[in-house]
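S.K.: This is the structure I have questions about; it appears just below.
The values are calculated or read from the model by the stated rules, or taken from the named source; none is laboratory data. In this text the structure is predicted, and so the values were computed from the model without any measurement. Cβ: placed from backbone, ideal geometry, glycine included. Neighbour counts: every protein chain shown. When the accessible area is computed, the model is the full protein with side chains, heavy atoms only, and any ligands, DNA or RNA have been set aside. Shrake-Rupley method; radii C 1.70, N 1.55, O 1.52, S 1.80 Å.
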Amino acid sequence: MVKKKVAKFLALRYKILALIFIILAGGLVLLPKYKKHEGIKPEELLNNVINPERYISTDALAHKIISKDPSILLVDVRSEEDYNNYTISNALNIPFSKLLNEENEIYLNQDQYDLVFFSNDNFYADQAWILCNRLGYKNIKVLEGGINQWFLTILNPPVPTENMAAIDFEQYNFRKAASMHFGVAYPEQTKEVKEPEVKAVPKKVVTIEKKKEVPTEGGC
Amino acid sequence: MGPLIPNGIIPADWDSIIAILIGLVFGFVLEASGFSSSRKLAGVFYGYDFAVLKVFFTAALVALIGLYYMDYLGYADINLMYVHPTYLWGAIIGGAIMGVGFVAGGFCPGTSICAVAIGKVDAIVYVIGIMIGVLIFSELFFLFQPLYEGSFMGNITLMDSFGINPYWFIFIFTILAIGIFALSDKIRSKVKKVFY
């Protein structure tokens, strides 16, 4: 009895398999579609975000600029107005609002340079970094503290007090030298060179005595 | 997650070892299901055995539907899958030559190797024929080169060339395949039975 039932069922096996195929294929058509995630995976992005290596310090950047490192490309993400006002030398201006424009992709999506984003603080630079990172662009860093930090540490370095470590003095010396490189003038640098004063020596009156006229004497 | 090798979950160095393992299993299954018999293979052309047609269509369907489900669920990225490049005229002419060889010799290249493994003389002759063909092709490559490298269309799929939704394409393809299976069964019942 059971065997008969099994045989009856097995006679239909190809039809059942065909039905399974149709159901599975139909399932693909009927499944609700969702937009697929583009770019790198969320976990990867999170890993990149919490990695402090994405920042470059102002000192390291100054060192790179001064040593004319060809591998860095500075990108100013502030507005064009701010950019024209002041920017770090040789920086490119890609305003944050135009970051994802097509014409900028050639600068951002590359692996030749180390891009360094900066804004007034790291705020906009960080946002730009996240957007680019999410799209899978490589070698992008953020200037820690942005232009403000640049001004506070490189252009206008705080003078170390006497009780600070020697390393602070070294750092100060580096920053001072760097700021001179970027065109900051220091009072001691512009000290007037005093010409040595010439003391007025009292004039000696040299009286020229007139030779007495000597009457000609004899002669041969 | 997948595909496993492009995503670096399995190192690319394992390529050849995995290929050998898959090849062993594939060869075993071919032999076990009787695909090393030239009579069974040639049956497709004479209408007394459609096993080849059914097996390869079913394999394509299972892989296709399975991959798209895995893609949907996020286990494999369909965009990272390898798509074989299309050289249109090379493929058409090569396919025709392969078809003639198939019906004349009773083997396709894979099954001929399978049949050599179990010591079939016709398969040995067939494989020697393949080798001679390879030799002629490589020696006269300068003649065949324009055909071999011409009419390149890139790594395209049927979805790209028809420009239709892949899910609908799979559904239509499934219906079509099942229709062909039913049709082949009908033809087979009408053709005189051949004992092999």
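S.K.: For segment A:42-154, what is the accessible area per residue in Å² when the probe is 1.4 Å?
M.R.: It amounts to 56 Å² per residue over segment A:42-154.
S.K.: Taking the Cα-to-Cβ direction at residue B:32 and at residue B:155 and moving 7 Å from each Cα, how far apart do the two end points lie in nm?
M.R.: Going from the residue B:32 label point to the residue B:155 one covers 3.2 nm.
S.K.: If each of residue A:176 and residue B:73 carries a label point 7 Å out from its Cα toward its Cβ, how far apart are those two points in nm?
M.R.: 6.9
S.K.: Rounded to the nearest 100 Å², what is the sum over both chains of accessible area buried where A meets B, with a probe of 1.4 Å?
M.R.: Result for this pair: about 1500 Å² buried.
S.K.: I'd like the carbon and sulfur percentage of the solvent accessible area for segment A:1-64, probe radius 1.4 Å, heavy atoms only, ligands and nucleic acids excluded.
M.R.: 70
S.K.: Using modelled backbone amide H atoms (1.01 Å from N, in-plane), which distant-in-sequence or interchain residues come within less than 5 Å of residue A:141's amide H?
M.R.: Under 5 Å from the amide H of residue A:141 lie the amide H atoms of A:115, A:116, A:117, each far enough along the sequence or on another chain.
S.K.: If packing is taken as the average number of other Cβ atoms within 10 Å across a peptide's residues, how do A:117-126, B:118-127, A:6-15, B:166-175 rank, most packed first?
M.R.: Result, highest mean Cβ count within 10 Å first: A:117-126, B:166-175, B:118-127, A:6-15.
S.K.: Using each residue's phi in segment A:81-92, evaluate 6.51 cos²θ - 1.76 cosθ + 1.60 at θ = phi - 60° and report the 3J(HN,Hα) Karplus result to the nearest Hz, with x for Gly and Pro.
M.R.: Listing the rounded values in order: 5, 4, 4, 5, 5, 7, 8, 6, 4, 6, 7, 9 Hz.
S.K.: Would segment A:42-154 count as rounded, prolate or oblate if I go by the C-alpha gyration tensor, calling it rounded below 1.5 in a/c and otherwise prolate when a/b exceeds b/c, oblate otherwise?
M.R.: Verdict is rounded for segment A:42-154.
S.K.: Going by amide H atoms built from the backbone, whose H comes under 5 Å of the H on residue A:92, apart from near neighbours?
M.R.: A:74, A:75, A:76
S.K.: Now a separate question. Select from segment B:161-195 all residues whose loss of accessible area on going from the chain by itself to the full protein assembly reaches 10 Å² or more (probe 1.4 Å).
M.R.: Buried-area filter returns B:167, B:168, B:170, B:171, B:174, B:175, B:178.
S.K.: Could you give me the ³J(HN,Hα) list for segment A:138-149, computed from phi with Karplus coefficients 6.51, -1.76, 1.60 and θ = phi - 60°, whole Hz, x at Gly and Pro?
M.R.: Ordered by residue, 3J(HN,Hα) equals 9, 6, 10, 10, 10, 6, 5, x, x, 4, 4, 5 Hz.
S.K.: Grab the eigenvalues of the alpha-carbon gyration tensor for the protein assembly as shown, scale each by 5, take roots, and send me the semi-axes largest first in whole angstrom.
M.R.: After diagonalising the Cα gyration tensor, the semi-axes are 87, 31, 19 Å.
S.K.: Using only Cα atoms, figure out Rg for segment B:27-123 and give it as a multiple of 2.2 N^0.38 Å.
M.R.: 1.31
S.K.: Could you check the spin-label model distance between residue A:33 and residue A:59? Points 7 Å from the Cα along Cα→Cβ, value in nm.
M.R.: Computed distance between label sites residue A:33 and residue A:59 equals 5.5 nm.
S.K.: Here's another thing I want to ask about it. Assign one of three labels to chain B, namely rounded, prolate or oblate, based on the Cα gyration tensor with a ≥ b ≥ c the square roots of its eigenvalues; rounded applies when a/c is under 1.5, prolate when it is not and a/b is larger than b/c, and oblate otherwise.
M.R.: rounded
S.K.: What are the ³J(HN,Hα) values, in whole Hz, obtained from phi via the Karplus relation 6.51 cos²θ - 1.76 cosθ + 1.60 with θ = phi - 60°, for each residue of segment B:110-119 in sequence order, with x given for Gly and Pro?
M.R.: Couplings: x, 5, 5, 5, 4, 6, 4, 4, 9, x Hz.
S.K.: Right, next: List the pairs from A:98/A:176; A:35/A:98; A:15/B:40; A:33/A:138; A:4/B:192; A:4/B:40 whose alpha-carbon separation is above 28 Å, in the order I gave them.
M.R.: A:98/A:176; A:33/A:138; A:4/B:192; A:4/B:40
S.K.: Quick one: which residues, 5 or more positions from residue B:4 or on another chain, have an amide H under 5 Å from its amide H? H modelled 1.01 Å from N in the peptide plane, none for Pro or chain starts.
M.R.: Amide H to amide H, under 5 Å and 5 or more residues apart or across chains, residue B:4 pairs with nothing.
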